[in-house]
Amino acid sequence: MRESTSQADFWRRALVVLALLASAGVSGSDWESLNKDGIHDPRSPAIQQLQQPADALSKLTPDTAGNMVRWVQSLEKGEINPRANIRPDTKIRVYDSDVLLNLKGGMPIVRFPHRQHTLWLDCVNCHDQLFKAEAGATKFSMLKILEGEQCGVCHGAVSFPLTECFRCHSVARPGQAPRPSLPIAIPSGAVPPK
């Protein structure tokens with residue numbers, strides 16, 4: 001009985017966090033100006049030297065969630081070209097292998113694409129402080145992720161939000177219907193299909 005109560009508590013907390021994350025989203029036309037974002041000092045003369053978010057982000061591949069940009073697609077299309085390293089002698093490692101996670105759960109399986117992540121980040125950004133490099137050594141927890149640990153360090157902060165479940169849980173299990181790869185905008189008040 002204790003395990004089912006613990007699971008019920010987990011899902012109750014998870015739903016609250018997801019609801020908060022969903023309500024915190026922005027729409028593409030609502031990017032805050034630097035003068036009003038609460039981060040930059042609007043009195044600083046330097047603010048005039050910075051590019052406004054709407055000017056920069058509206059030119060990138062649009063998204064329906066988070067900061068309204070599909071960053072990986074923008075990278076692949078050449079819309080952005082991040083600097084790979086500061087020092088020319090730094091070796092760049094792009095790991096082109098997918099890892100399947102959540103093999104025993106009820107949700108679709110998580111496909112973790114290393115390539116898309118290592119185009120942005122070096123391996124040491126995640127291994128070994130967030131995730132052990134050895135397969136199966138890290139116990140993933142959706143609660144930890146929702147609390148900003150593990151995958152939640154970036155997802156929900158600088159990457160697409162955790163409300164986009166099927167972007168990670170993207171591989172159907174045997175007998176499951178495949179899920180859409182792009183998020184679907186559900187009108188407010190509508191009940192998603194089961």
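The values are calculated or read from the model by the stated rules, or taken from the named source; none is laboratory data. Owing to the predicted nature of the structure, the values given are computational and were not obtained by experimental measurement. Because the Cβ atoms are built from the backbone with ideal geometry, glycine has one as well, and the counts that use them run over all protein chains shown.
If you take the residues in region 114-158 that are part of a loop (DSSP other than H, G, I, E, B) and of a type in the set (Val, Ile, Thr), which one is farthest from Ala84 (Cα to Cα)?
From region 114-158, those part of a loop (DSSP other than H, G, I, E, B) are 119-122, 126, 128-130, 132-141, 147-149, 154, 156-158; that's our starting set.
Still in the running and of a type in the set (Val, Ile, Thr): 138, 158.
On the way: Thr138: 28, Val158: 18 Å.
Filtering region 114-158 for residues that are part of a loop (DSSP other than H, G, I, E, B) and of a type in the set (Val, Ile, Thr), the one farthest from Ala84 (Cα to Cα) comes out as Thr138.
Among the candidates Val110, Val99, Val153, single out the residue that is aliphatic (A, V, I, L, M), at pLDDT 90 or above and more than 21 Å from Gly66 (Cβ to Cβ).
On the way: Val110 fails: more than 21 Å from Gly66 (Cβ to Cβ); Val153 fails: more than 21 Å from Gly66 (Cβ to Cβ).
After applying the criteria, what remains is Val99.
From the list Gly156, Gly136, Gly148, which one is touching a residue at least 24 places away in the same chain (Cβ under 8 Å) and either closer than 29 Å to Ala177 by Cβ or surrounded by 14 or more Cβ atoms within 10 Å (Cβ to Cβ) (or both)?
Working: Gly136 fails: touching a residue at least 24 places away in the same chain (Cβ under 8 Å); Gly148 fails: touching a residue at least 24 places away in the same chain (Cβ under 8 Å).
Sole residue among the options that is touching a residue at least 24 places away in the same chain (Cβ under 8 Å) and either closer than 29 Å to Ala177 by Cβ or surrounded by 14 or more Cβ atoms within 10 Å (Cβ to Cβ) (or both): Gly156.
Considering region 159-194 alone, what residues qualify as being modelled with pLDDT of 85 or more, of a type outside the set (Asp, Glu), surrounded by 12 or more Cβ atoms within 10 Å (Cβ to Cβ) and part of a loop (DSSP other than H, G, I, E, B)? I'd like the intermediate steps shown before the answer.
Going residue by residue through region 159-194, those that are modelled with pLDDT of 85 or more are 159-176.
Applying the additional criterion that residues be of a type outside the set (Asp, Glu) yields 159-163, 165-176.
Cutting the leftovers down to surrounded by 12 or more Cβ atoms within 10 Å (Cβ to Cβ) gives us 159-163, 165-173, 176.
Within region 159-194, Phe160, Pro161, Leu162, Thr163, Ala172, Arg173, Gln176 qualify.
Sort out for me the helices (runs of 4 or more DSSP H) sitting completely within region 1-82 that have 1 or more residues that are at pLDDT 90 or above and surrounded by 11 or more Cβ atoms within 10 Å (Cβ to Cβ). Spell out how you get there, then give the answer.
Working: elements: 2-23, 53-57, 71-76.
Correct list: 53-57, 71-76.
Failed condition for Asp98, given (1) out of contact with any Ser or Thr (no Cβ under 8 Å at 6 or more places or on another chain); (2) farther than 28 Å from Ala177 by Cβ, with all others met?
Just one mismatch for Asp98, condition (2).
Go through region 83-108 and count every residue that is closer than 19 Å to Pro161 by Cα and exposed (fewer than 14 other Cβ atoms within 10 Å of the Cβ).
Qualifying residue count for the region: 0.
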